[in-house]
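Quick notes on the structure that follows.
What follows is calculated from the coordinates using simple rules that are stated; it is not laboratory data. Predicted model only: the values in this text are computed from it and were never measured. Every residue, glycine among them, receives a Cβ derived from its backbone with ideal geometry; neighbour counts consider all protein chains shown.
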Amino acid sequence: MIDDASRPTGPEDFITALNALYDACNRPPYRKLAEISEHLGELYGRRDLPSLSTTGIFDVLAGRRKRAPSSAWVASFVLCCQHRAWETGVRGDDPGIASLPVWQARLRAARTPSRPGEPAGPPASAALAPPESEPVRPVRLTESQKATVAGYGAHGRALLGRAAAGDADALYRVAVLLGTDPARGGETVPLLIEAAAAGHPDALDLLDASPDGLDAAQAARHAHRLGDRAGQGGTAAARETALVYYKAAVQGGRLDAAFAITEILQHADEPPRG
């Protein structure tokens, strides 16, 4: 049991909010939360979220760690607490991943020091409200953002359609394409939060590494990797998709992507064999 007097205050309000969630879920045993975390994939689909340990849970809730926990850890902890509360009848439903965007936004706020006179963010109780009282607003791209992504051709336009429908992978890819522009890194955060809340592993990693938005080099690294994956398809459509990400990688400073572009274009000019 954690003594309330030992819980962190001030900048550590996020840890206080996690403790409030834990209390609201009737303080489930750490061991039970760790067990549930082993089955998050079965309970909520392909989430690729980390397993929890009893020691890790205690250290976080007791404020023993200097840094806020990772986005992925928070997602696992929240899902496990909610599921256990539903399982034991403490609450009537399990909101599942619907509650995660609120927590991801709170985590980002906790990592961004507030300016003097600015509120530190919503009270801890706000994160405990059921999803219907804390609606998750859909991500809306600006006209400028849409134009940038659409400028990548058919693949870009397809991404916009999927992103509008809430596809996590599309949101992640749009964030990568926008992030390769050094002036737009901060615009990627809402996209990454939504994708991370849906359990997209690469979006979770990026959000952990860049809570304030992607830098161009980081986005370019992911764009290059997406280009490599697409290029393995071998078809003309796959090569076109690879070109999209390699071009974005070049914009972000990955000059080696230019060689990949040259190679694709050279093969495209070769006459068919046979």
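For Val90, Val102, the sequence from fewest to most other C-beta atoms within 10 Å is Val90, Val102.
Per-residue Cβ neighbour counts within 10 Å put Ser53, Ser99, Ser144 in the sequence Ser144, Ser53, Ser99, beginning with the fewest. Summing +1 for each Lys or Arg and -1 for each Asp or Glu among the other residues whose beta-carbon sits under 11 angstrom from that of Leu226 gives +1. Across the stretch 143-269, the mean sequence separation of Cα contacts (distance under 8 Å, 6 or more residues apart), normalised by length, yields a relative contact order of 20 percent. Descending by average beta-carbon neighbour count within 10 Å, the peptides 192-199, 91-98, 15-22 line up as 192-199, 15-22, 91-98, the highest first. The C-alpha atoms of the stretch 143-269 occupy a region whose extents along the principal axes are 41, 28, 27 Å, arranged from largest to smallest. Most tightly packed first, judged by the mean number of other beta-carbon atoms within 10 Å of their residues, the peptides 173-186, 57-70 read 173-186, 57-70. Shown is the FRET efficiency for Ser51 and Leu265, computed with R0 = 45 Å from the Cβ-Cβ distance and rounded to the nearest 0.05: 0.50. The 3J(HN,Hα) values that the Karplus relation (6.51, -1.76, 1.60; θ = phi - 60°) gives for the stretch 78-95 are, in residue order, 4, 4, 5, 4, 4, 5, 5, 5, 5, 4, 9, x, 5, 10, x, 8, 10, x Hz. Gly and Pro appear as x.
May I ask for the net charge around Val149, where only other residues with Cβ less than 12 Å from the Cβ of Val149 are counted and Lys, Arg are +1 while Asp, Glu are -1? Net charge around Val149: +2. The H on the amide N of Asp181, modeled in the peptide plane, is under 5 Å from the matching H of no residue at least 5 residues off or on a different chain. Taking Lys and Arg as +1 and Asp and Glu as -1, the other residues whose beta-carbon sits under 9 Å from that of Leu171 total -1.
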